[in-house]
Amino acid sequence: MRTMAITVTQFLSALSGQESGGDYGAENMTGSGAYGKYQFMPQYWPEFAKAAGLSGDAPMTAANQELVARHRAQSLYEQYGSWEDVASIWYSGRPISRMDPSTANASQSGGPSIAQYVNEVMGRTSQAPVNGRAPTVASWTTAQITQGYGPTDEPLDSGYNGYANFNKGYD
């Protein structure tokens with residue numbers, strides 16, 4: 001098993017802060033159907049619930065959301081070895097480490113880019129380098145996505161104010 005500098009609990013706290021502000025009853029504002037603290041897409045809930053040891057029709061209670069999120073995040077981390085990839089898969093379905101820069105930096109249905117989303121989630125962990133959040137990355141062409149969250153000499157981006165429902169998730 002890999003050593004995790006960030007614990008599953010820290011990651012899930014950061015992820016839920018990004019997705020719903022920690023609200024178990026949050027409904028996605030864009031109409032995607034995503035629901036709950038971790039903004040699960042309803043069409044995937046049965047598969048994720050079964051993988052976590054629940055029945056496919058298990059209700060999205062707070063306890064079930066926690067169990068499923070923990071199982072899913074830990075499984076993805078074990079498969080990809082990177083919390084950045086886990087965050088990216090949660091948001092886009094694909095690991096950011098296998099994306100070209102234009103894909104990682106493209107806006108997602110009017111929401112933040114995958115790179116912005118990953119930076120925001122990682123910035124919410126206790127390992128954020130500046131003011132509780134990681135610096136955004138303007139271009140991944142010269143920056144490897146690592147635990148360093150990209151280049152640290154870039155200024156913080158204050159452009160997130162344009163996303164009124166940023167913390168509600170854009171799944």
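All of the numbers you see were taken from the coordinates with simple rules; none came from a lab. Everything numeric in this text was worked out from a predicted model, so none of it was measured. Cβ atoms come from the backbone with ideal geometry, glycine included; neighbour counts cover every protein chain shown.
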Once every Cα of the range 52-133 carries one equal point scatterer and solvent is ignored, give the base-10 log of I(q)/I(0) from the Debye formula at q = 0.13, 0.20, 0.24 Å⁻¹, two decimals. -0.49, -0.97, -1.12
Work out the FRET efficiency for GLN10 and ARG94 from their Cβ-Cβ distance, taking R0 = 22 Å, and round it to the nearest 0.05. 0.45
Just flag the trypsin sites (Lys or Arg not before Pro) in the range 1-99 sitting in loop per DSSP whose Cβ has no more than 12 other Cβ atoms within 10 Å. ARG2
Kindly identify the range 10-59 as rounded, prolate or oblate by the Cα gyration tensor criterion: order the square roots of the eigenvalues as a ≥ b ≥ c, call it rounded if a/c is under 1.5, otherwise compare a/b with b/c, prolate if a/b is larger, else oblate. oblate
Would you calculate the separation in nanometres between label points at ALA51 and GLU78, each defined as 7 Å from the Cα along the Cα-to-beta-carbon direction? 1.1 nm
With each label point set 7 Å from Cα along the Cα-Cβ vector, what nm distance links GLN43 and SER109? 1.0 nm
